[in-house]
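The values are calculated or read from the model by the stated rules, or taken from the named source; none is laboratory data. None of the values given here were measured: they were computed from a predicted structure. Cβ: placed from backbone, ideal geometry, glycine included. Neighbour counts: every protein chain shown. Accessible surface areas use protein heavy atoms only, side chains included; no ligands, DNA or RNA. Shrake-Rupley method; radii C 1.70, N 1.55, O 1.52, S 1.80 Å.
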Amino acid sequence: MKAFRLDELEAERAVNEGAYLQFLRERNMSVGLYALDAGERDPQTPHQQDEVYFVVSGRASITVGLETTQVARGSVVYVPAGVAHKFHHITEDLRVLVMFSPPES
């Protein structure tokens, strides 16, 4: 078993001074913590993997392809491989668990 604590992952991500911390990588999937502070710009480009976002905290909008929705704690968003997507209008610091399948390259 592998078990993780969100507060420890956030601390590790902050120490490494990056917006993204991959903390699990297996044969068929990878999982990471993505952080964007209020007002920050999301620099993402489309990925080659399907992904699922689970919003742990914060508030923002996300646009996936031509669709836009508001997200907050508890929101789950699926993004198909190759589709343009971005978080924007981040009004509260955003912390998101990101699951990629297959693992992010």
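Could you check residue 18 against (1) open to solvent by 90 Å² or more (accessible area, probe 1.4 Å); (2) assigned to a loop (DSSP other than H, G, I, E, B) and say which number it fails?
(1)
Which number in (1) without any contact (Cβ under 8 Å) to a residue 40 or more places away in the chain; (2) assigned to a helix (DSSP H, G or I); (3) surrounded by fewer than 18 Cβ atoms within 10 Å (Cβ to Cβ) marks the one condition that residue 10 misses?
Of everything listed in (1) without any contact (Cβ under 8 Å) to a residue 40 or more places away in the chain; (2) assigned to a helix (DSSP H, G or I); (3) surrounded by fewer than 18 Cβ atoms within 10 Å (Cβ to Cβ), residue 10 misses just condition (1).
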